[in-house]
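The values are calculated or read from the model by the stated rules, or taken from the named source; none is laboratory data. From a predicted model like this one, the values you see are computed outputs, not experimental measurements. Cβ atoms come from the backbone with ideal geometry, glycine included; neighbour counts cover every protein chain shown. Surface areas here come from the heavy atoms of the whole protein model, side chains and all, with no ligands, DNA or RNA. Shrake-Rupley method; radii C 1.70, N 1.55, O 1.52, S 1.80 Å.
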Amino acid sequence: MSANIPQNTSTKKIAVVIDDFGNNMKGTSEMLALPIPITVAIMPFLPSSRSDAEKAHRMGKEVIIHMPMEPIRGKRSWLGPGAITADLSKAEIRDRVLKAIESIPYAVGMNNHMGSKVTADPRIMRIVLEVCKEKGLFFLDSRTNSKSVIPALARELGVPFRLNSVFLDDVYTTAHVSKQIVKLRTYLNTHDTCITIGHVGSPGLITSRQLLASIERFPDADFVKVSDLLPADSMLPSFTP
């Protein structure tokens, strides 16, 4: 199935981020096949982490690291391998972030998987963002905690960053995803840009179908990568296919 991607000169821009790649999750192929730019957030150290990154890059999608981080509530087993948890030392945090970056080829940025506890911790996030700066990566705050310290620290350290505005599929139903797409439409009435996050996995097929069906509902907006919304002087890694 193909879709007509609107071409216009509007300043309205939508960046679609799809989280949780790396484990052959439901909807992986469908998301990569979407006829719009998407930013593919890949969890490190999982069975298809590297192959998903390589395939996404070949298909012209943007790759970022979906860094698992400890939440306020929930089991650590939900995080997957190599997670950043509050009990780690500075050296351990640096080592885990560096290894995650090394494990995902073509990554130009990072966002947080879960992380409501860690993203509100200035000690931990300073270390994470320092590594991002060293490696030339931007950071996308998924905004799982309204008390996130990421914006303040990123400004202080000079790390390019952006914020998620709308979660598409925090409830795994067609009705909810459709409602969130309407919310995205409403958000653009008063903002020039919007970053929205969906997922492969349990909602993957639902979200990919709803995104495909909604492309033509945004004739006054362009779909872009997250990096397209960063300041023009941001120095990110460059890769050739």
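Candidates in the range 211-238 are the residues that are out of contact with any strand residue (DSSP E or B) (no Cβ under 8 Å at 6 or more places or on another chain) and in a loop (DSSP other than H, G, I, E, B); of these, the one that is most open to solvent (accessible area, probe 1.4 Å) is 235.
If you go through the range 63-75 and keep only what is in contact (Cβ under 8 Å) with a residue 24 or more places away in the chain and open to solvent by 100 Å² or more (accessible area, probe 1.4 Å), you end up with 72, 73. For the range 51-67, the criterion of being touching a helix residue (DSSP H, G or I) at 6+ places or on another chain (Cβ under 6 Å) and farther than 19 Å from residue 28 by Cα is met by none of the residues. Scan the range 197-210 and tell me whether some residue there is hydrophobic (A, V, I, L, M, F, W, C), part of a loop (DSSP other than H, G, I, E, B) and at pLDDT 95 or above. Yes - at least one qualifying residue is present in the range 197-210. Residue 78 meets all of the listed conditions (1) touching a residue at least 40 places away in the same chain (Cβ under 8 Å); (2) closer than 21 Å to residue 18 by Cα but one, namely (1).
For every residue, the table says whether it meets (1) open to solvent by 70 Å² or more (accessible area, probe 1.4 Å); (2) part of a strand (DSSP E or B); (3) of a type outside the set (A, V, I, L, M).
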residue	(1), (2), (3)
17	no, yes, no
30	yes, no, yes
45	yes, no, yes
51	no, no, yes
77	yes, no, yes
81	no, no, yes
87	yes, no, yes
96	yes, no, yes
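Report whether or not residue 31 is at positive phi and under 17 Å from the mean Cα position of the chain (by Cα). When the stated conditions are applied, residue 31 does not pass them.
Applying the condition of being closer than 16 Å to residue 239 by Cβ and either among the aromatic types (Phe, Trp, Tyr) or over 15 Å from the mean Cα position of the chain (by Cα) (or both) to the range 121-139 and asking which residue is surrounded by the fewest Cβ atoms within 10 Å (Cβ to Cβ) yields 136. Among the residues making up the range 156-183, a single one is of a type in the set (D, E, K, R), crowded, with 20+ Cβ neighbours inside 10 Å and either in a loop (DSSP other than H, G, I, E, B) or without any contact (Cβ under 8 Å) to a residue 60 or more places away in the chain (or both): 169.
Residue-by-condition table, conditions (1) of a type in the set (Ser, Thr, Tyr); (2) closer than 17 Å to residue 224 by Cα:
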site: 151; (1), (2): no, no
site: 158; (1), (2): no, no
site: 165; (1), (2): yes, yes
site: 170; (1), (2): no, no
site: 178; (1), (2): yes, no
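If you go through the range 101-120 and keep only what is open to solvent by less than 30 Å² (accessible area, probe 1.4 Å), in a helix (DSSP H, G or I) and over 18 Å from residue 81 (Cβ atoms), you end up with just 119.
Looking only at residues in the range 140-155 that are open to solvent by 20 Å² or more (accessible area, probe 1.4 Å) and charged (D, E, K, R), the one that is farthest from residue 232 (Cα to Cα) is 147. For residue 85, the stated conditions do not hold, so it cannot be described as touching a residue at least 40 places away in the same chain (Cβ under 8 Å) and of a type in the set (S, T, N, Q).
Apart from one condition, residue 68 fits all of (1) in contact with a Leu (Cβ under 6 Å, 6 or more places away or on another chain); (2) at pLDDT below 95; the exception is (2). Can you say whether residue 55 is in contact with a Cys (Cβ under 9 Å, 6 or more places away or on another chain) and either crowded, with 17+ Cβ neighbours inside 10 Å or basic (Lys, Arg) (or both), as far as the supplied structure shows? Answer is no for this residue.
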